[in-house]
Amino acid sequence: MTRKTESATKRSPEAMDVEQWLHVYEKMVKIREFEEKANELYLKAIMPGLTHLYSGQEAVAVGVCEALRREDYITSTHRGHGHCLAKGASVDLMFAELLGKEAGYCRGKGGSMHIADPASGNLGANAIVGGSAGIATGAALSAKKRGSDQVAVCFFGEGALGQGLLYEVMNMASLWKLPIIYVCENNLYNEYTHYSEALAGKVTARAEAFGIHAETIDGQDVQLVYETTKRLVERARRGEGPAFLECMTYRYYGHHVGDISRTYYRSKEEEQEWRNKRDPLKLLADKLVGGKLTDQSVLDRIVTDVRSEVEKGMQFGIDAPYPDQSEVNQHVYA
Amino acid sequence: MSTPEREITFAEAVREALAEEMRRDSNVFIMGEDVAEAGTPFKVLSGLVEEFGKERVMDTPISEPGFTGMGIGAAITGMRPVIDIMFGDFLTLTMDQIVNQAAKIHYMSGGKMKAPIVFRTTMGASRRSGAQHSQSLQAWVSHVPGLKVVIPSTPYDVKGLLKTAIRDDNPVVFIEDKMMFKMKGPVPAEEYTIPFGVADIKRKGDDITLVATSSMVQVALGAANMLEQIGISAEVIDPRTTTPLDRQAFIESAKKTSRAIVIDEGYESYGVTAEIASVIADGAFYYLDAPVKRMGAMNVPIPFSPALEDLTVPTEETVFQMAKTLCRRD
């Protein structure tokens, strides 16, 4: 991983390391396919509860996590499957968790909105909007106190810009030069409300007010997300403090799987426009095939392999047993 | 103990516990408002920054949810933070972080993660501080699974319990009565800890059980002295921790005395007293000669005027009167 990221700084977009970008493509496909199956599980009433799909935003999670080491930290959101998979979670244990099974990442006790996998640096998804801002910043503080060079990434949607906690911790992160990147995934909608109705002023100006370096980029371009994050992560590792990265992106589905009739807050044309012209998977595929870096058949094979992995993972989750009833009051206290 | 006992204040006992644990474990650090040079407005932490430096006694901006959340992030990644929340009333500002995050991390992660963190805060009225600096909110946090809650009543207890809290692998809310910081009591110079969930009989008695917490322990002991004058022998039991709760200790005492009053400075409605009273009513039902009574803060925002504030908290006199009534001596 270190070797790969070091060489990437010297590479121009035209001279991509094909192997790495195929790996990135595979990860994005995995998230897309995973979410398709998660939606299917909901529609067939196999999955308990609701879930928030990440489809459309894949380039953000994958681009950011590709710039991180396994021991670096992330905190995730209610729309968190993409972050978990990008940081290294496996689809079978993810499906098991979504289905409330003992084999799941949290023994079925967390569910879709609470997947945590400390082994891959994932400190947990969070069902409180902006709720993990303190945790991620505290992990960065801890890394600094322990003298490790770990970096923390706090993922949140633009909806979290309404939460005061974020501003309290950005202030401290800047004051103490903590190694943290605040990644704001601006998918345009605070649940069912366009962000322009909920947000005054400029997004990046919020971070700049604390003296935090801030950028806004196209979150559909995985290469751009990766290269920008890599630069910000290196900066943080050198002790130069936090950064704020706004990634402009789009969620293909509704706020959650049950949000099917959406025309009262956004048009079908708008959804089609993003799917047709700004799909992160298509954009990368075009770059790879169009630039003659690989053949379409190679990409097709990746999709076929991933589909089979996701299918198997889903079946694993379906077949896995529920936790024993005696589990209900275990793990309340350590 | 054969050697003459050393006496120190409640605040000194807190400071000693912190200093000893910080020397013992380099992962322990303190974070909060005015904790370093100022040593908090109550001067409880005076001297710690001089020994441990500003990296381990960290002054923060006035951002309770922010530094509380950061403490949790540090706790789940290997540190053992002690978060200083100046007034118990400010717990309300940190509730998402303590209740939705810290308390649930271990369970929601299926036991994979743990948050060893102490939230030190205060409680108690009668300081003429008004309604937003006088509440005793232990019931709020005692209500939430995943948190442990400590409400110590003596210098000896606060030292031993705080050391246990810092070593515990769970989030612990540690609530100290502001009015007690200057109170002196015996504290051995030797190292000791006190386990959670073990009530302490502060005074033995046969006729009535007074279960009292934190600030109310001294009130109950005062009332017990008054009761002794009229021939009523009161037993005073201090739970020391509301979570875990030493249910059996109250039940056994009430079985012996057949009468009980539960006294806590939190609001009387839906409070700690309600929980403990129900434990006694349930566990000692066939032994009781009178209904279990509860005494807490009056259900009003704590008023500023001394003439009004003093009416809101149980006193030796009101506890004495209630006990006399229960023992049919009025």
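Any chance you could list the semi-axes, whole Å, largest first, of the equivalent ellipsoid that the Cα gyration tensor gives for segment B:7-186, using √(5λ)? Kindly include the intermediate steps, with their values, before the conclusion.
Details: eigenvalues 104, 72, 49 Å².
One finds semi-axes of 23, 19, 16 Å for segment B:7-186.
For segment B:7-186, what relative contact order do you get, as a whole percent, if you take Cα pairs closer than 8 Å and at least 6 residues apart? RCO, segment B:7-186: 28 percent.
Only Cα pairs within less than 10 Å get springs; with that Gaussian network setup on chain A, which residue of A:Gln296, A:Gln223, A:Gln150 has the largest fluctuation? So, out of A:Gln296, A:Gln223, A:Gln150, the one fluctuating most is A:Gln296.
Fewest neighbouring Cβ atoms within 10 Å first, the residues A:Met172, B:Met298 line up as B:Met298, A:Met172. In a DSSP loop and with at most 12 other Cβ atoms within 10 Å, the chymotrypsin sites (Phe, Trp or Tyr not before Pro) in segment A:239-271 are A:Tyr264.
Each residue, B:Gln248 and B:Asp310, gets one label point 7 Å from its Cα in the Cβ direction; the gap between the two is 4.3 nm. Available extension along the chain between A:Glu26 and A:Arg231 is 71.5 nm, counting 0.36 nm per residue and deducting the alpha carbon span. Charge dipole of segment B:7-186 (Cα centre as origin; +1 on each Lys and Arg Cβ, -1 on each Asp and Glu Cβ, all else neutral): 360 debye, rounded to the nearest 20.
Relative to the present Cα-Cα distance, how much length would full extension add between B:Asp289 and B:Ser269 at 0.36 nm per residue of separation? Write out the running numbers ahead of the final one.
Values: separation 20, 0.36 × 20 = 7.20 nm, distance 2.37 nm.
Stretched out fully, the B:Asp289 to B:Ser269 stretch lengthens by 4.8 nm.
Inter-label distance, A:Ala209 to A:Leu50: 3.0 nm, where each label sits 7 Å from its Cα along the C-beta direction. Label separation (A:Tyr322 vs B:Asp206): 5.6 nm, computed from points 7 Å beyond Cα along the C-beta direction. For segment A:180-240, the relative contact order is 31 percent, taking Cα pairs closer than 8 Å that sit 6 or more residues apart in sequence and dividing their mean separation by the residue count. Among A:Ile46, A:Cys65, A:Gly134, flag the residue with its Cα farthest along the positive direction of the charge dipole of segment A:18-312, charges on Cβ as +1 for Lys/Arg and -1 for Asp/Glu. The residue sitting farthest along the positive end of the dipole is A:Gly134. Under 19 Å between alpha carbons, and skipping anything fewer than 8 positions from B:Lys256 in its own chain: which aspartates and glutamates qualify? Within the straight-line limit of under 19 Å, B:Lys256 reaches these aspartates and glutamates: B:Asp200, B:Asp206, B:Asp207, B:Glu228, B:Glu235, B:Asp238, B:Asp246, B:Asp282, B:Asp289. Compactness of the protein assembly as shown, taken as the C-alpha radius of gyration over 2.2 N^0.38 Å, stands at 1.09.
What FRET efficiency would be calculated for the residue pair B:Ser46, A:Glu71, taking the C-beta separation as r and a Förster radius of 25 Å, to the nearest 0.05? Mind dumping the intermediate values first?
Details: r = 39 Å, r/R0 = 1.54.
Here the calculated transfer efficiency is 0.05.
Taking all Cα pairs closer than 8 Å and separated by 6 or more residues, the relative contact order of chain B comes to 16 percent. So, R0 is 41 Å and r is the distance between the beta-carbons of B:Lys54 and B:Ser278; what FRET efficiency does that work out to, to 0.05? E between B:Lys54 and B:Ser278, to the nearest 0.05, is 0.30.
Dividing the convex hull volume of the alpha carbon atoms of segment B:107-213 by its residue count, what do you get in Å³ per residue? Could the numbers behind the result be given before it?
Values: hull volume 15.7 nm³, N = 107.
Dividing the Cα hull volume of segment B:107-213 by its residue count gives 147 Å³.
For A:Ile74, the amide hydrogen comes within under 5 Å of the amide hydrogens of A:Asn122, A:Leu123, A:Val153, counting only partners 5 or more places away or on other chains and with H modelled in the peptide plane.
Given Cβ point charges of +1 (Lys, Arg) and -1 (Asp, Glu) and nothing else, what value in debye, to the nearest 20, does the dipole of the protein assembly as shown about its Cα centre take? Let's see the in-between values first.
Numbers: 74 positive and 90 negative charges, 107 e Å.
That gives the protein assembly as shown a dipole magnitude of about 520 debye.
Exposure proxy for A:Leu199, A:Leu98, A:Leu299: other Cβ atoms within 10 Å of each Cβ, ordered fewest to most, give A:Leu199, A:Leu299, A:Leu98. The C-alpha atoms of chain B define a longest principal axis, and helix B:247-257 lies at about 20 degrees to it.
In plain terms, the residue of B:Phe52, B:Phe320 with the fewest other Cβ atoms within 10 Å comes first and the most crowded comes last, giving B:Phe52, B:Phe320.
The spacing between segment B:241-292 and segment B:155-179, judged by their C-alpha centroids, is 23 Å. Split chain B at each of the GluC sites (Glu not before Pro) in a DSSP loop with at most 16 other beta carbon atoms within 10 Å, and the longest piece is B:192-330.
In this structure, the amide hydrogen of B:Arg80, modeled 1.01 Å from its nitrogen in the peptide plane, lies closer than 5 angstrom to those of B:Val28, B:Phe29, counting only residues at least 5 positions away or on a different chain.
Loop-only chymotrypsin sites (Phe, Trp or Tyr not before Pro) in segment B:115-211, please: DSSP not H, G, I, E or B, and at most 12 other Cβ atoms within 10 Å. Intermediate values should be presented prior to the final figure.
Details: sites: B:Phe119, B:Trp140, B:Tyr156, B:Phe174, B:Phe181, B:Tyr192, B:Phe196; in loops: B:Phe181, B:Tyr192, B:Phe196.
For chymotrypsin sites (Phe, Trp or Tyr not before Pro) across segment B:115-211 that sit outside H, G, I, E and B with at most 12 neighbouring Cβ atoms in 10 Å, the list reads B:Tyr192.
Taken over segment A:18-312, the alpha-carbon convex hull comes to 122 cubic angstrom per residue. Take chain B, connect every pair of alpha-carbon atoms lying under 10 Å apart with a spring to form a Gaussian network, then pick out the residue of B:Ala281, B:Ala220, B:Ala189 with the largest mean-square fluctuation. Residue with maximal mean-square fluctuation among B:Ala281, B:Ala220, B:Ala189: B:Ala189. Placing unit charges on the Cβ atoms only, positive for Lys and Arg and negative for Asp and Glu, gives segment A:192-287 a dipole magnitude near 200 debye about its Cα centre.
Partners of A:Lys37 within straight-line reach, counting lysines whose Cα lies under 29 Å from its Cα and excluding those fewer than 8 residues away in the same chain: A:Lys27, A:Lys87, A:Lys101, A:Lys109, A:Lys268, A:Lys277, A:Lys282, A:Lys287, A:Lys312, B:Lys104, B:Lys112. Applying 1/(1 + (r/R0)^6) with r as the Cβ-Cβ distance of A:Asn329 and A:Arg307 and R0 = 51 angstrom yields a FRET efficiency of 0.80.
Bear in mind that the values in this text are calculations on the coordinates, not laboratory data. These figures come from a predicted structure and were not determined experimentally. Using ideal geometry, Cβ is built from the backbone for each residue, glycine included, and neighbour counts are taken over all protein chains shown.
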